[in-house]
Amino acid sequence: MRSVLADFPLLKIRIRNKRIVYLDSTATSLKPQPVLDAINKYNTQYSANVFRGLYDISEKATFEFEKAREKIANFIGASTTKEVIFVRNATEALNLVAVSWGKENIKKNDVVVTTIMEHHSNFVPWQNLSEEKGAKLKVVGVDRDYKIDETELLLAVKGAKLLALTHISNVLGTINPVLKIIKKIRKINPDIVIVIDGAQSVPHLPVNVAKINCDFFAFSGHKVLGPTGIGVLWGKTKILEKMKPYMYGGEMINRVTISKSTFQDIPLKFEAGTPNISGAIGLGAAVDYLNAIGMDNIRKHEEALTKFALEELSKLPNITLYGPKRASDRCGVVSFNVFTKKGYLIHPHDVSQILNEDNICVRSGHHCAMPLHDRLDLVATVRASFYLYNSRRDVRELIKGIKKVVKILG
Amino acid sequence: MDIYRENILDHYRNPRNYGKVANPDISQFGDNPLCGDSIEIQLILKGSKISQVYFIGKGCAIFLASASMLCEHIRGMSLVNLRKLSKDDILELIGITLSLTRLKCALLPLVTVHKAVNALGKGG
């Protein structure tokens with residue numbers, strides 16, 4: 001894979017005369033110049049509204065907006081662009097399903113299944129839905145290698161109405177083998193509706209929703225080199241067509257009279273109001289950028305880097321790593337804790353504060369996964385994550401930084 | 001290392017007033033669920049003054065140092081003056097500038113102490 005550093009303007013910035021070592025792509029990714037250019041081009045050259053005007057720049061805006069939708073459909077393996085719905089982020093996508101599908105279809109005593117490794121955005125909506133409807137929420141645990149307990153999962157889905165599952169854990173880095181798991185699940189329960197949180201997988205792996213055979217798939221644009229404020233819900237046509245709208249208003253209507261309104265077909269049925277036009281176009285440019293590099297190449301680069309990071313981190317005394325042992329089972333997310341020589345926890349806040357002195361950007365806390373941290377009996381963790389613009393040099397800086405933490409607070 | 005100055009490291013490594021007693025006059029728990037800092041403060045009163053103060057807690061260096069410094073500071077203080085303590089007093093004690101996130105860590109001990117004495121009711 002070619003070096004991409006020159007494509008990311010943020011990496012040129014110096015703080016305290018030093019470069020930024022950005023290791024928090026799991027929180028949000030950096031933006032390459034082509035994405036910034038596409039957004040700026042819309043705003044400066046054709047910032048008209050979509051679907052409204054017959055004049056040239058409005059036609060262009062509509063054309064580019066729908067072209068972005070098509071690029072994204074191809075990127076995730078959707079059979080038709082109608083199934084790609086633009087939302088604000090993965091959180092909104094998941095809430096859309098919980099409201100539009102969940103409220104109609106989940107009844108008292110139904111079973112909803114999720115896992116302990118979910119991000120709050122793929123946990124709280126289902127917890128809330130279950131509470132409202134008097135349904136039972138089953139939470140599947142992880143095994144000793146921080147992978148989904150498949151036996152427990154296959155038992156839990158028997159007779160369940162819905163499964164909400166993350167493709168990749170934003171704390172453990174675990175890649176859930178969704179293709180295999182869903183095949184097994186559909187043999188046991190052919191009617192179960194399966195929602196996949198792809199916020200961490202779309203940026204890092206080739207994804208094909210048709211092959212995965214889930215019913216819904218959600219991801220955020222800002223984690224996949226796109227701007228903030230844009231995300232995607234993909235859903236199977238036959239399920240989306242039956243769902244009531246999520247929001248009501250302009251764009252999503254067909255005809256409005258004083259007594260009644262009728263609504264558009266998908267995807268517009270779920271896109272009320274003026275969308276994030278520049279965001280969608282920016283996300284389309286991000287997809288172009290990633291396709292030019294190749295998702296397989298990105299995965300290879302990250303897997304090798306993660307392997308190196310795990311090896312180097314394991315050499316440090318006083319460190320505990322969380323997540324699968326093998327780099328091939330995980331994506332480039334490494335959560336860990338640092339301890340003093342006497343074995344006391346050095347709080348993740350202190351670790352990340354000291355790392356910040358050398359511009360090493362990591363996340364500390366529970367990473368929107370409190371149930372997971374509770375289950376693992378952890379107060380908080382430090383999380384470093386890698387993407388296509390990270391290198392072995394970044395890993396070496398991280399190691400140096402951790403050694404400094406131990407020197408000061410150990 | 002600006003933020004981890006000598007006084008902070010000292011209080012972090014050797015917290016004053018650390019521990020628990022059997023029969024405090026007031027015992028109060030406080031925590032920041034978002035980051036995992038937690039503290040239990042115990043106060044022993046003599047009339048309307050703080051005679052003894054103890055704390056146990058788990059959390060980051062800023063939080064622990066702040067707790068230790070605060071406990072030291074309020075020994076012998078009247079409840080009236082204790083109620084008047086503010087964020088600025090804590091910042092003066094700690095002696096460093098803090099980001100919004102770390103400020104929450106530094107203020108948790110004070111918030112907890114205030115909760116403790118508010119439970120007493122007015123007067124005293």
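List of remarks:
- Filter result for the condition that a residue is more than 14 Å from chain A (Cβ to nearest Cβ), open to solvent by less than 30 Å² (accessible area, probe 1.4 Å), of a type outside the set (D, E) and under 29 Å from B:I96 (Cβ atoms), over B:L9, B:L43: B:L43
- Count - residues of segment A:296-316 that are free of Cβ contacts under 8 Å to residues at least 24 places away in the same chain, closer than 23 Å to A:P348 by Cα and not basic (K, R): 2
- Number of positions in segment A:92-104 that are farther than 16 Å from A:P267 by Cα and open to solvent by 20 Å² or more (accessible area, probe 1.4 Å): 4
- Pair list, Cβ under 8 Å, 6 or more apart: segment B:88-103 residue farther than 13 Å from B:C35 by Cβ, other residue open to solvent by less than 60 Å² (accessible area, probe 1.4 Å) and in a loop (DSSP other than H, G, I, E, B): B:L91/B:L98; B:I96/B:I3; B:L98/B:I3
- Counted residues, segment B:12-24 - those being open to solvent by 40 Å² or more (accessible area, probe 1.4 Å) and aromatic (F, W, Y): 1
- All of A:G221, A:G229, A:G235, A:G198 fail the test of being in contact with an Asp or Glu (Cβ under 7 Å, 6 or more places away or on another chain) and either within 28 Å of A:P371 (Cβ to Cβ) or open to solvent by 40 Å² or more (accessible area, probe 1.4 Å) (or both), apart from A:G235.
- Top-ranked residue in segment A:76-91 [being open to solvent by less than 40 Å² (accessible area, probe 1.4 Å) and touching a Leu at 6+ places or on another chain (Cβ under 9 Å); ranked as nearest to A:N291 (Cα to Cα)]: A:V84
- Considering segment A:365-402, and only residues there that are among the polar types (S, T, N, Q) and away from every other protein chain (no Cβ under 14 Å), the residue that is farthest from A:S25 (Cα to Cα) turns out to be A:S391.
- Inside segment A:345-364, residues that are more than 10 Å from every other protein chain (Cβ to nearest Cβ), buried (at least 24 other Cβ atoms within 10 Å of the Cβ) and assigned to a loop (DSSP other than H, G, I, E, B) make up a count of 1.
- Verdict on A:L225 being modelled with pLDDT of 95 or more, in a loop (DSSP other than H, G, I, E, B), among the aliphatic types (A, V, I, L, M) and under 30 Å from A:D394 (Cα atoms): yes
- Residue check, B:S78 away from chain A (no Cβ under 14 Å), over 16 Å from the mean Cα position of the chain (by Cα) and in contact (Cβ under 8 Å) with a residue 12 or more places away in the chain: no
- Residues within segment A:365-384 that are closer than 27 Å to A:I298 by Cα and open to solvent by less than 20 Å² (accessible area, probe 1.4 Å), tallied: 6
- Residues (assigned to a loop (DSSP other than H, G, I, E, B) and within 21 Å of A:E150 (Cα to Cα)) located in segment A:185-211: A:N189, A:P190, A:D191, A:I192, A:G198, A:Q200, A:S201
- Among the residues of segment B:25-35, those that are within 11 Å of chain A (Cβ to nearest Cβ) and either open to solvent by less than 20 Å² (accessible area, probe 1.4 Å) or in contact with an Asp or Glu (Cβ under 8 Å, 6 or more places away or on another chain) (or both) comprise B:D31, B:C35.
- Per the conditions (1) away from chain A (no Cβ under 14 Å); (2) surrounded by 18 or more Cβ atoms within 10 Å (Cβ to Cβ); (3) in a helix (DSSP H, G or I), the sole criterion not satisfied by B:I50 is (3).
- Residue check for A:A280: open to solvent by less than 20 Å² (accessible area, probe 1.4 Å), part of a helix (DSSP H, G or I) and among the small types (G, A, S): yes
- Residues of segment A:159-189 that are open to solvent by 60 Å² or more (accessible area, probe 1.4 Å) and either modelled with pLDDT under 95 or β-branched (V, I, T) (or both): A:I188 alone.
- Filtered residues of segment B:44-81 (kept if under 30 Å from A:V379 (Cα atoms) and among the hydroxyl-bearing types (S, T, Y)): B:Y54, B:S66, B:S68
- Residue match in segment B:67-83 (condition: in contact with a Gly (Cβ under 8 Å, 6 or more places away or on another chain) and of a type in the set (G, A, S)): yes
- Segment B:53-68, residues that are surrounded by 24 or more Cβ atoms within 10 Å (Cβ to Cβ), more than 9 Å from chain A (Cβ to nearest Cβ) and aromatic (F, W, Y): B:F55
- Every residue from segment A:105-120 that is under 26 Å from A:P324 (Cα atoms) and open to solvent by 20 Å² or more (accessible area, probe 1.4 Å): A:H119, A:H120
- Count of segment A:31-57 residues which are touching a residue at least 12 places away in the same chain (Cβ under 8 Å), open to solvent by less than 30 Å² (accessible area, probe 1.4 Å) and either of a type in the set (S, T, N, Q) or more than 17 Å from A:Y289 (Cβ to Cβ) (or both): 3
- Being buried (at least 17 other Cβ atoms within 10 Å of the Cβ), touching a Gly at 6+ places or on another chain (Cβ under 6 Å) and at pLDDT 95 or above is a condition met by at least one residue of segment A:128-136.
- Here segment A:313-342 is the region considered, the condition is being within 14 Å of another protein chain (Cβ to nearest Cβ) and open to solvent by 40 Å² or more (accessible area, probe 1.4 Å), and the residue that is modelled with the highest pLDDT is A:F339.
The values are calculated or read from the model by the stated rules, or taken from the named source; none is laboratory data. From a predicted model like this one, the values you see are computed outputs, not experimental measurements. Don't worry about glycine lacking a Cβ; one is built from the backbone with ideal geometry, like all the others, and counts go over all protein chains shown. These accessible areas exclude ligands, DNA and RNA; they are computed on the full protein's heavy atoms, side chains included. Shrake-Rupley method; radii C 1.70, N 1.55, O 1.52, S 1.80 Å.
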